[in-house]
Amino acid sequence: MCETLLDVRGLCHSFPLGAGRYLRAVDGVSFRIRKGEIFGLVGESGSGKSTVARCVMNILRPQAGSILYRGVDVCDPAQFRANRRMLQTERQIIFQDSSSSLDQRMKVADIIAEPLAVNHIVPPRGSLRAEAAFQLRYVGMDPAYLDRYPPELSGGQRQRVAIARALTMEPSLLVADEPIAALDVSIQAQIINLFRHLQAEHGFTFLFIAHDLAVVRYLCDRVGVLYRGKLVEMAPTKELFDRPLHPYTKALLSAIPIPDPRRERARTRFHFDEAAFDRTGGFVQVSPEHFVLGGKEAEP
Amino acid sequence: MDERFALVGLCPAAEQAAPKGRRPGKRPALAAAFLALMVLGCLLFPLLLTKDPASMDLSNYAREPDGTFWFGTDTMGRDIFAMIWSGGRVSLSIGFLATALSTVIAVAVGAVSGLAPRWLDALIMRLTDILLSIPSLLVIILLQAALGRANIASLSLVIGATGWMSVARVVRTEVRQLRTSEYVAAARCMGGGTFHILRRHLAPNFLASIMFMVVMNVRGAIVAESTLSFMGAGLPLDTVSWGSMLSLAENALTAGAWWIVLIPGLFLVATLLAVTELGEWLRRSANRGQSNL
Ligand SMILES: Nc1ncnc2c1ncn2[C@@H]1O[C@H](COP(=O)(O)OP(=O)(O)OP(=O)(O)O)[C@@H](O)[C@H]1O
Ligand SMILES: [Mg+2]
């Protein structure tokens, strides 16, 4: 359980805004994901979560930093080429927006079986179609949907097709970019249980991106908090929720509603002053597993 | 069933039958059959017929349709039945050649513009807009005059070279969209090479959106040829095409010979209708993939 699967070091990515200006979407983010672990990445909208996921999947090329998967630097073209097949079969991504990540002109059956067809993998369940039907069942959809096209599905059904497509490859690392945000609560719970099952039974490793903290608390082993492209805090889930150190994390956690109305009314909202955010500080280790940005605020 | 499925549970598909309203519509069987017949006829009849469509038999001029001359003869004594098929060959060839040329130009210009940096893209698109705003018949006549005496090749060249702009704009927009689309990124992530992406993703999406316009260009090219030849600016009278046959209309009407105008006219109109029908069907089936967001 201790072997590092993914090691992200000092990742930086900027988007050109034109006229020589740049937007620093990800700024010096470092974290490690161990084999068989579910690592959660949380943060408000626009904090750079998807950008981190895209860099990890080689969709974007980071300007600085390195990403090591099983010790292979995926940002290095030579190393990438040498390990291309391993990298492309073992890492899979579930995109945030399934309406644009599925080809509208392909049937659900072809979409789900596409990774197998691309990699010329002999389908373990006989035919590509049988494989697609199996995966579709796995995410809770009737195989009758196999011959539909994505525009004929609901948003939640499309998202589940995207999840099924990622699962066909039985990836070692599954990058899930808000995979359940479009689903209703009961399906959300079912998909989360499916992820837990995949982790426990099949040893999948997850980079799980979310903004729903309740889900993160239930599902993830460790959590990183991203704010404006900076990782401000990283700790095991229980520790982070019990003893948040960075003011932004405190503000984020204090925004979770409490189901008990009396305690909800008594709850103190912690406000985070954006102007006071200090992005220059270093990442400080306060306990073996707990890191926080900027030393001064780290005092409890 | 595997008890592992119990993890997520299963909700049955709501309705099994495909929804009716989204069907691409019935296939245009009649139009397709008619076009196939025309193409076959134009390919085969000129080889089989013994009568030379260009030979003038002045003893038999402006004859009504009868047993020997099925569609009659024109004011120069040429057999209209033979002329229809060899003329159709010319008209359809120009339609296809000109469209092939304009499509190649359109895809090339559109792809370059779609992949180019912003300033080059803007430049190409403004030039395209300018060309698009000039009436193409005028440009065709000018170009044709510059090239000299018209023949099938030169007329196809001129019509093709002036008909690519609107398709190029569509191609450019499609390329811009597809280039950044997430399903292409997803396909690349799972290891799909350039060829796979081209064949499974780009080509189907891209072709679907330009097919209709390309088919309409075939129609446009046939019309352009007929118009030019009818006005006497296209193929010369001794090169038989549907358009040049129609250019005898004035003579024919003064001679009271309806068949000289009506028969080639009917063939022309029926062919154009069939092409339009095919194009409409293509457009309807391409639109099936609209998102329900
Ligand atoms: N292609 C792009 N071009 C320019 N800027 C971009 C691009 N993609 C993202 N950005 C910017 O980068 C920042 C981070 O975006 P990102 O998509 O990573 O956010 P996110 O954390 O995933 O947000 P959300 O929770 O809304 O998905 C945002 O400010 C966004 O505007
Ligand atoms: Mg995102």
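Indicate the gyration tensor shape class of chain A (rounded, prolate or oblate), computed on the Cα atoms with a ≥ b ≥ c the square roots of the eigenvalues: a/c under 1.5 is rounded; otherwise a/b larger than b/c is prolate and the rest oblate. Prolate. What pairs in A:Lys35/A:Lys107; A:Lys35/A:Lys238; A:Lys35/A:Lys230 have C-alpha atoms more than 27 Å from each other? Those over the limit are A:Lys35/A:Lys107. In order along segment A:77-82, phi translates into HN-Hα couplings of x, 5, 5, 5, 4, 5 Hz, rounded to whole numbers, per the Karplus curve 6.51 cos²θ - 1.76 cosθ + 1.60 with θ = phi - 60° and x for Gly and Pro. Projecting the Cα atoms of B:Ala185, A:Ala117, A:Tyr69 onto the charge dipole of the protein assembly as shown, computed from C-beta unit charges around the Cα centre, puts A:Tyr69 farthest toward the positive end. Projecting the Cα atoms of B:Val107, B:Pro204, B:Leu235 onto the dipole axis of segment B:76-291, where Lys and Arg carry +1 and Asp and Glu carry -1 at the beta carbon, places B:Pro204 farthest toward the positive end. Remark: the protein assembly as shown carries a charge dipole of roughly 880 debye about the Cα centre, counting +1 on each Lys and Arg Cβ and -1 on each Asp and Glu Cβ.
Taken as Cα centroids, segment A:28-51 and segment B:186-248 sit 50 Å apart, rounded to the nearest whole angstrom.
Measuring r between the beta carbons of A:Ile256 and A:Leu17 and using R0 = 35 Å, the FRET efficiency lands at 0.55.
What is the helix-to-structure angle for A:155-168, meaning the angle in degrees between its Cα long axis and the longest Cα principal axis of chain A, kept from 0 to 90 and rounded to the nearest 10? Long axis of A:155-168 versus the principal axis of chain A: about 80 degrees.
Only Cα pairs under 8 Å and 6+ residues apart enter the sum, and on that basis the relative contact order of segment A:4-293 stands at 21 percent. Note on segment A:4-293: with charges restricted to the Cβ of Lys and Arg (+1) and Asp and Glu (-1), its dipole about the Cα centre is near 240 debye. Of all beta bridges that DSSP places with both ends in the protein assembly as shown, some 60 percent have antiparallel geometry.
State whether the protein assembly as shown is rounded, prolate or oblate according to the following rule on the C-alpha gyration tensor (a ≥ b ≥ c being the square roots of its eigenvalues): a/c under 1.5 gives rounded; otherwise a/b larger than b/c gives prolate, and the remaining case gives oblate. Here the protein assembly as shown falls in the prolate category.
Comparing A:Ala181, A:Met141, A:Ser154 along the charge dipole axis of segment A:69-196, the residue lying farthest to the positive side is A:Met141, per the Cβ-charge model. Would you mind classifying segment A:44-159 by shape? Square roots of the alpha carbon gyration tensor eigenvalues, ordered a ≥ b ≥ c; an a/c under 1.5 is rounded, otherwise it is prolate if a/b is larger than b/c and oblate if not. Oblate shape, in that a/c is at least 1.5 and b/c is the bigger or equal ratio.
Taking a straight line from the alpha carbon of A:Lys49, these aspartates and glutamates sit under 12 Å away, with near neighbours fewer than eight places off in the same chain left out: A:Asp27, A:Asp177, A:Glu178.
Taken together, the values in this text are just the output of simple stated rules run on the coordinates, not laboratory data. Everything numeric in this text was worked out from a predicted model, so none of it was measured. Neighbour counts run over all protein chains shown; Cβ positions are idealised from the backbone, glycine included.
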